[in-house]
Amino acid sequence: VSESATLREGVSDERWDILVLQQASHYSGLCFSYRPWLDRLIERVRLYCPNAGACVAWQMTWSYAPDSNHDAFPRYDRNSTVMYEAIVDAVRRMMEQTNIEVVIPTGTTIENLRAWAARRGERRDFTRDGYHLDLGCGRYAAACTWFQTLVAPCLRTDIGGNGFRPASAAGTVTAEQAAMCQDAARKACIRRFSVWE
């Protein structure tokens, strides 16, 4: 499938087991932005997917960094906590109003990481520009969350102790950071809608 493929072409391309949807980050905490379009999107995904038993899951986005300059951040009073709480509220409501049961709680994983860093006296938001995840711990933590949510239950395993650590041009995830990211993801998958204390 090419980059210019339609939704129908992408979804019907394979017998997908899982199809993951998400709201654009700047709208992710605004409940009204989900309806009626999400219902229609879920219908189309189910209609076009050749696997009638495919799971439709939801990627919960993360709040912006406290100093983010994103144009939409004022919608959340330029406050990361306000944005995170709005995202959690919107995702909970979305789950009540749709048949999506699987939520990949990446937003909570990132909040867990931020809380961990704050306890260590570090000021880290795990983004590279105030809203996109950084290429080290941010993306690695997101990948851990996807693994823990979607793969671990099928393979009866856990992300904890996984030795894989990606190296990228932007830096390397250390063993300590990898363990921190794995722990944040595990805890987010246990408690999807609140920061682990």
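The values are calculated or read from the model by the stated rules, or taken from the named source; none is laboratory data. All of these numbers come straight from a predicted model, not from anything done at the bench. Cβ atoms come from the backbone with ideal geometry, glycine included; neighbour counts cover every protein chain shown. Protein only, heavy atoms only, side chains kept; ligands, DNA and RNA dropped before computing areas. Shrake-Rupley method; radii C 1.70, N 1.55, O 1.52, S 1.80 Å.
State all residues of segment 40-62 that are exposed (fewer than 13 other Cβ atoms within 10 Å of the Cβ) and either at positive phi or of a type in the set (A, V, I, L, M) (or both); if no residue qualifies, say none. Within segment 40-62, L47, A52 meet the criteria. Taken together, A24, A90, A65, A5 contain a single residue that is open to solvent by less than 70 Å² (accessible area, probe 1.4 Å) and at pLDDT below 95, which is A5. Condition first: within 29 Å of C154 (Cβ to Cβ) and in contact (Cβ under 8 Å) with a residue 12 or more places away in the chain. Can you find one or more residues in segment 29-38 that meet it? The answer is yes; a qualifying residue exists. Of all residues in segment 112-125, exactly one satisfies the criterion of being acidic (D, E) and either under 11 Å from the mean Cα position of the chain (by Cα) or open to solvent by 30 Å² or more (accessible area, probe 1.4 Å) (or both), namely E122.
Restrict the check to segment 155-171 and report whether at least one residue is open to solvent by 60 Å² or more (accessible area, probe 1.4 Å), of a type outside the set (V, I, T), over 24 Å from R119 (Cα atoms) and assigned to a helix (DSSP H, G or I). The answer is yes; a qualifying residue exists. One residue stands out in segment 165-177 among those that are out of contact with any helix residue (DSSP H, G or I) (no Cβ under 7 Å at 6 or more places or on another chain) and in contact (Cβ under 8 Å) with a residue 12 or more places away in the chain: the one that is farthest from T106 (Cα to Cα), namely A169.
Selection over segment 96-111 of residues that are touching a residue at least 24 places away in the same chain (Cβ under 8 Å) and more than 15 Å from the chain's Cα centre (by Cα) gives a count of 3. Applying the selection to segment 126-135, what residues are modelled with pLDDT under 95 and buried (at least 22 other Cβ atoms within 10 Å of the Cβ)? None - no residue of segment 126-135 is modelled with pLDDT under 95 and buried (at least 22 other Cβ atoms within 10 Å of the Cβ), so the list stays empty.
For segment 136-154, the set of residues classified as open to solvent by 10 Å² or more (accessible area, probe 1.4 Å) and either not in a helix (DSSP H, G or I) or not charged (D, E, K, R) (or both) consists of G136, Y140, A142, A143, W146, F147, Q148, T149, L150, V151, P153, C154, listed by residue number. Going by what's in this entry, would L135 be described as free of Cβ contacts under 8 Å to residues at least 60 places away in the same chain, touching a Ser or Thr at 6+ places or on another chain (Cβ under 8 Å) and of a type outside the set (S, T, Y)? Yes, satisfied. Criterion first (among the basic types (K, R) and within 22 Å of M83 (Cβ to Cβ)) does R128 satisfy it? Judged against the criteria, R128 is a match.
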